[in-house]
Amino acid sequence: QLQLVEPGGGLVQAGGSLRLSCAASGRTFSSYDMGWFRQAPGKEREFVAAISWSGGRIVYAASVKGRFTISRDNAKNTVYLQMNSLKPEDTPVYYCAGDHARMVPLTTSRYRYWGQGTQVTVSS
């Protein structure tokens, strides 16, 4: 079982940067694929970025490609989302998610384990 905790988030001006982190419990973090999703009020949860268990495969949503970078540190049981050139539309609640390697497609929301979410607010 994987428990995910997302400290961080916060308020940033448009054009600024913010790094989200997601700390995972358990000794087998390195065997989990990890993803970041976001959800605005009244909208469906949308895929942002994902990284495979080995870090060998990384996928981004078109809306964030070139601005966001996902990475993981298996020694620290942590996955990161570096967000640059932030826009007001990047504002919603961000969730990290995980599942055993190759259990679900990286870009879907069918991950088994989810964090509690962290709010990001980008002011214009």
Counting only residues in the range 94-119 that are modelled with pLDDT of 95 or more and hydrophobic (A, V, I, L, M, F, W, C), the one farthest from the chain's Cα centre (by Cα) is identified as Trp114
>> Any residue at all in the range 70-82 that's of a type outside the set (Gly, Ala, Ser) and farther than 18 Å from Gly115 by Cβ?
In response: no
Q.
Would you confirm whether or not the range 38-46 contains a residue that is in contact (Cβ under 8 Å) with a residue 40 or more places away in the chain, more than 17 Å from Trp114 (Cα to Cα) and in a loop (DSSP other than H, G, I, E, B)?
A. yes
When every residue in the range 68-85 that is modelled with pLDDT of 95 or more, in contact with a Ser or Thr (Cβ under 6 Å, 6 or more places away or on another chain) and over 13 Å from Val12 (Cβ atoms) is compared, the one least open to solvent (accessible area, probe 1.4 Å) is Thr78
Being crowded, with 19+ Cβ neighbours inside 10 Å, in contact with a strand residue (DSSP E or B) (Cβ under 7 Å, 6 or more places away or on another chain) and of a type in the set (Gly, Ala, Ser) narrows Ala101, Ala97 down to just Ala97
Exactly one of Lys76, Lys65 is among the basic types (Lys, Arg), more than 24 Å from Gln1 (Cα to Cα) and over 12 Å from the mean Cα position of the chain (by Cα), and that one is Lys65
Among residues of the range 38-62 being in contact with a Lys or Arg (Cβ under 6 Å, 6 or more places away or on another chain) and surrounded by 17 or more Cβ atoms within 10 Å (Cβ to Cβ), the residue nearest to Gln1 (Cα to Cα) is Ile51
Checked against (1) surrounded by 14 or more Cβ atoms within 10 Å (Cβ to Cβ); (2) touching a residue at least 24 places away in the same chain (Cβ under 8 Å), Gln3 satisfies every condition except (1)
Among Ser54, Ser30, Ser85, Ser21, the single one that is over 16 Å from Thr108 (Cα atoms), among the small types (Gly, Ala, Ser) and part of a helix (DSSP H, G or I) is Ser30
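The values are calculated or read from the model by the stated rules, or taken from the named source; none is laboratory data. Keep in mind it's a predicted model, so treat the numbers as computed, not measured. Cβ atoms come from the backbone with ideal geometry, glycine included; neighbour counts cover every protein chain shown. Heavy atoms of the whole protein, side chains included, go into the accessibility calculation; ligands, DNA and RNA do not. Shrake-Rupley method; radii C 1.70, N 1.55, O 1.52, S 1.80 Å.
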